[in-house]
1. Report the dimensions of segment 573-678 along its three principal axes from the alpha-carbon atoms, largest first, rounded to Å.
2. Sorted by packing (mean other beta-carbon atoms within 10 Å per residue), highest first, where do 658-671, 198-211 land?
3. Through the Karplus equation 6.51 cos²θ - 1.76 cosθ + 1.60, θ set to phi - 60°, convert the phi angles of segment 513-529 into ³J(HN,Hα) values in whole Hz; use x for Gly and Pro.
4. When a/c reaches 1.5 or more, the comparison of a/b and b/c decides; with that in mind, is segment 84-139 rounded, prolate or oblate per its Cα gyration tensor?
5. Straight-line reach from Lys308: which aspartates and glutamates have a Cα under 13 Å away, not including same-chain ones fewer than 8 places off?
6. For Ser363, list long-range residues whose amide hydrogen, built 1.01 Å from N in the peptide plane, is under 5 Å from its own amide hydrogen.
7. Could you give the nm distance between label points at Lys583 and Glu380, where each point is 7 Å from its Cα heading toward the beta carbon?
8. Please report the projected area of segment 297-362's Cα convex hull averaged over all directions, in nm².
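Laboratory data are not the source of any read-out in this text; all were calculated from the coordinates shown. These numbers come from a predicted model, not from an experiment. Cβ placement follows ideal geometry from the backbone for every residue including glycine, while neighbour counts extend to all protein chains displayed.
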Amino acid sequence: VGVPHPASRLVALALKPDCIQCLQCLPILSAVYNTYLKYHFVSAFWKEVADDFFWKKPATGPMLQYNFDVTIGNIYVKCMEGAKTNMCYNVLDRLVRERNLGEKVAYYWEGNSPDHHMAITYSQLLSQVCRCANVLKKMGVKKGDRVSIYLPMIPELVYTMLACARIGAVHSIVFAGFSSESLCERIMDAQSSVLVTADGVYRGEKLINLKQIADEALEKCREIVTKCLIVKHHALRTKSGAASNIMTDFMSGICSLFWCVQTPWDSECDVWWEEVMRDSPEECEPEWLDAEDPLFILYTSGSTGKPKGVLHTVAGYLLYTSLTFKYVFDHHHDDVYWCTADIGWITGHSYITYGPLANGATSVLFEGIPVHPHVGRFWEIIEKYKVTKFYTAPTAIRLLMKYGREPLYDLSSLRILGTVGEPINPEAWQWYHEAVGKGRCPVVDTFWQTETVKHSYLTLNPHLIFQTFPFFGVEPTILNEHGEELEGEAEGYLVFRRPWPGIMRTVYRNHERFENSYFKKFPGFYVTGDGCRRDKDGYYWITGRTDDMLNVSGHLMSTAEVEAALTEHPAVAEAAVVSRPHKVKGECLYCFVSLKDSREFTHTLVEELKRLVREKIGPIATPDFIQNAPALPKTRSGKIMRRILRQIARNEKDLGDLSTLADPKVVEELFSQRCEAA
Ligand code: WTA
């Protein structure tokens, strides 16, 4: 078509084979590509995006200023300096007041049990958020203060985060599957004055006593947290999902009453949500914030073990989440969109709360799990709400393909399918595309990170299984170990050459760690920590983490974090953790433990260690395998050779060069004791 690569490639790939004969759509495709180039490279474009939103004061500086090179000076990114705005105003008031969307459904909340559901309109959402904002203000929360949120996937989670955004408080959401220790660590780091949690929640058949976990966490940070706001969720709204009848309803009423009465209570600190919300006013003037004021902190695993408080700011995050949502999911006014992630992770922050709301979308907010009360639950929900855009993770796809219940439901409403969190294997992609999308829905594979907030790559072509073009403003490149840029077909470190509005600004209270983690290794670039391959056609394939990080069911965790938990056991002298492929989770944890003298490796010890990791980090980090390691393979300088442990875990016998090992005999012994089954 006479346009240089990669334009010609985009056009060619967007055509189906039988299109080649007519080619009538070529002008359209060329126009699409030219628009892509404009959006991608013309920075004035960001100004156009910003024009869609409300600014109390316009920007005085350029759309984007930055330094990405540690050798020149401090790393910084600034977007729309001088502007004043409010995130909550933009995602709620603007739509209710200026766009007349008050009566539109913002969320269909679907509980753990199919019996529990409700629709929340934009004006209802606005009024709940304002009430909650007033409650927080009354508790003394001011602009810049941190509020920790430890809630399940219930509407109050969205109310609280938006209430924080409204009054300029910085929310720090902790996934409600994390342990009390993880919660405590995050509260302490953020120095949050308020914690918002719930009495309890059912996940599937399992009742989780959130208040008790929160109390355990607060024991160590009482002097920081002055108020704990507790949603009466379990007592009022939940049950495991067993069929309802008068008797079970009566029994569940009695249980709820009992649950409330027996909830441990600290009258100095604890406050029931329902009681304070009842009389709270429905009007709350938004706090007008600087474009670069913090919006939230979200903790992500760091390779040294201690989680990093990734900080995002108001204006850049607003522009980027709204724009990525709009284009990646081709948003239309009448869509029903469903992202199955938990808001406790970045996917939920960006693509359940802020991105969809900024576009006035209608979303499903789902509290439960894919296999409860039956393995067709996801498909049932798609049928029930006529979901048009569906965004999930490869781990969920792999789990559901095992059951193959999707033919029992009407999935004809679906138009676009999305995936995120980890590399998607061809088998899962194929099934998603054919069985769920019936071969007619494009699969959008979105690669991104807590730090980058947005989709860096996406696939819009239904016949390809890999990521294609970077999103507007994103300039990736591939480097070798020496930091040299690789041209053409190549494999190496994935880095970004320049920022975009929604990239993280710092690690909370530790800017040095931010610079060390992302910018030191290759000056001038943001280092993702992922490996990447560029094929002969110029397309990028993510190959997985290059650092000591694991990706279990799409959740990133560091080996150091798990090793630290294991070595807390009095019997363990040393531990090393690697990943092993897992059919559903993608990767699972395979742990090698060296015991202290005279300690015996028993089944009970294995169970104790698994429990310890669950307690320290949370159920997502539970090891699948724990192997006895009389010694670990180390270099002469004492560094554990994880490459070898990874190969042992995977039973790969061809270990290559072992000459750097201090004692090569160790390897044989570890092979002889390896775990076959979990
Ligand atoms: C991995 C989740 C391949 C990657 C949004 C990244 C992916 C880490 C993909 C970030 C994908 C995420 N294909 N790998 N589509 N999406 N990853 O911060 O290793 O929880 O660095 O953000 O997940 O995980 P995080």
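1. 38, 36, 23 Å, listed from the longest principal axis down.
2. Numbers: 658-671: 13.9, 198-211: 19.6.
Packing proxy ranking, top to bottom: 198-211, 658-671.
3. 5, 4, 5, 5, 6, 10, 10, 6, 4, 10, x, x, 10, 8, 9, 6, x
4. oblate
5. Within the straight-line limit of under 13 Å, Lys308 reaches these aspartates and glutamates: Glu185, Asp189, Glu451, Glu512, Glu515, Glu561.
6. Result for Ser363 returns Tyr107, Tyr108, Tyr337.
7. Roughly 2.4 nm, to one decimal.
8. Numbers: hull surface 19.6 nm².
Average of the hull's projected areas for segment 297-362 equals 4.9 nm².
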